[in-house]
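The values are calculated or read from the model by the stated rules, or taken from the named source; none is laboratory data. Predicted, not measured: the structure shown is a model, and the values here were computed from it. We place every Cβ from the backbone using ideal geometry, glycine too, and count neighbours over all the protein chains shown. Note: accessible area is taken over every heavy atom of the protein model, side chains too, but ligands, DNA and RNA are not part of it. Shrake-Rupley method; radii C 1.70, N 1.55, O 1.52, S 1.80 Å.
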Amino acid sequence: MGRAPRSSTGLSFTPAISTLATPALMTLWGGHLPFAPEREKLQRELSRPELFSRICVSEPYFALQEVKAVGRGEVVARLPVEPRPGVECSPLHASEVYRHLSVLGACAASLVNPSEGPHCYLPRRAWVERLHEGPLPLATQPLQGSAKAEFNQRRTAIAHALLSDPDGQPLFAMGVDYNVLHAESFVRLFQGTRQDPRSEGPCQGPVVQGPLPSLRDVVREGECLWGTLGPVGPELCQGHFVLFPVLPMAAVVEGLCGLAGTLLGQEEGREPARYLVTHGDVRTESFAHAGETVRFDAHRLAVKGRDHYFDCWASVEGRVVAVMELTLTCLD
């Protein structure tokens with residue numbers, strides 16, 4: 001890797017990122033930004049039961065609030081802020097950005113799905129760009145999210161999403177490519193991983209998706225750091241998916257970012273060191289199911305100024321679950 005990060009819009013962001021965010025996102029959204037006052041009259045709130053019947057995820061993994069359709073394949077929502085341990089200095093940690101915006105993008109895609117019935121929206125690739133200058137404190141109230149999606153083939157969709165603070169200042173942009181499977185096809189494909197529904201236990205509110213437990217057996221080898229998680233408990237998979245508990249990719253992102261941050265801190269001699277997630281590009285290769293042990297690896301490729309570039313991956317017994325290109329900006 002070792003190159004300067006670029007946004008999904010093709011722009012290389014400079015330190016004056018706040019001034020560049022608006023024109024870049026205007027291009028992304030086709031000449032208008034979400035949350036524009038003149039569009040409020042188009043809003044239609046989507047109930048949770050309606051959404052759960054469309055996208056095959058549920059609480060507590062699904063935590064969006066006040067989801068509203070505002071156009072064809074376009075939705076807005078409020079995103080809750082749930083505390084996460086660590087020293088990432090953003091209003092919302094990158095793993096939570098991935099979690100909420102990938103779900104919001106699935107909601108948007110479900111509105112334009114040409115096939116009826118419940119579908120699983122499985123992110124096959126997602127890229128996240130930080131749009132704010134930092135550091136910024138953890139948000140204390142819900143943030144604003146918006147997503148616009150379309151089907152580019154019969155069983156694939158793409159969504160572009162934006163996270164903003166309550167005043168409308170852009171914080172993160174994200175793009176997601178989905179493989180879209182009808183729920184019946186998903187069941188046929190993953191029948192061998194079906195688990196007793198009693199193993200997940202009842203999901204009674206209010207319930208939040210807890211942080212990932214600390215990795216164990218963490219070992220450093222040169223510019224590489226690795227550790228393990230597991231066996232994965234079903235409590236980490238609640239709502240993702242019912243009867244087929246799968247470790248959410250957001251949890252994988254959380255583990256990889258945290259591991260890279262630990263390696264960064266060891267290099268700076270200030271463990272833990274404060275950092276920002278500036279860029280992340282995640283490709284999903286397979287799933288980590290409840291009961292499996294996941295290995296996380298972070299390999300630092302280069303350092304340019306305060307930017308540290310990593311290749312990261314997660315695997316189960318040599319089977320790759322996900323790979324991630326990651327840029328962290330050190331603040332210490």
Taking 299-308, 115-124 and ranking on average Cβ neighbours within 10 Å, highest first, one gets 115-124, 299-308
Heavy atoms of GLU254: accessible area, 1.4 Å probe, square angstrom to 10: 40 Å²
With label points built 7 Å along Cα→Cβ from the Cα atoms of ARG124 and GLN153, find their separation and express it in nm. 0.5 nm
Based on a Kirkwood Rh over C-alpha pairs, give the Stokes-Einstein translational diffusion coefficient of region 30-163 at 10 °C and viscosity 1.306 mPa s in µm²/s. 103 µm²/s
If you take the beta carbon distance between ARG306 and GLU221 as r and set R0 to 30 Å, what does 1/(1 + (r/R0)^6) give as a FRET efficiency, to the nearest 0.05? 0.80
Nitroxide proxy distance, nm - points 7 Å out along Cα→Cβ at THR228 and SER286: 1.6 nm
Going by Cα centres, region 68-120 and region 215-270 are how many Å apart? 21 Å
Placing each pseudo-label 7 Å from Cα in the direction of the beta carbon, ARG48 and SER185 end up separated by a distance in nanometres of 2.9 nm
